[in-house]
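Below is one structure, written out as structure tokens; the observations come after it.
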């Protein structure tokens, strides 16, 4: 079974469900779980003319700290061994998927668990899919957890 699991968090409903699933898998396999939050620095520099990109990056880090603290609390409540990590994209040409995969490789994970919004067609083409890129380039299995149906309906509306 899986002994070293990485779960990606971004605050979405899908990521919350992914965390729940990852905790259950880690508990069943008596494995270690690492919750990861990726700070996308390129997003901050996109708005550099309107506001200070360093303030945006600091705010994103703080969101990550809050999410990861909550994840660690959930792990402790269920007696799952785990830790957390914030990783950052490296420069404006780097993306979230690549930064996450670097972390997965460095930690020697044997499973990645992450949420997906399940976008299709034009929306996926325009917005892109972090989950799709992770699945494509990961060297270990990836478990995708879809967001709840009601959240998908709201997003389509």
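Length gained on full extension, residue 27 to residue 107: 26.9 nm, using 0.36 nm per residue less the C-alpha separation. Between the beta carbons of residue 81 and residue 139, assuming R0 = 22 Å, the FRET efficiency works out to 0.45 to the nearest 0.05.
Computed from the coordinates by the stated procedures, all read-outs in this text should not be read as laboratory data. Computed from a predicted structure; not experimentally measured. Counting neighbours? That spans all protein chains shown, and the Cβs are built from the backbone with ideal geometry, glycine included.
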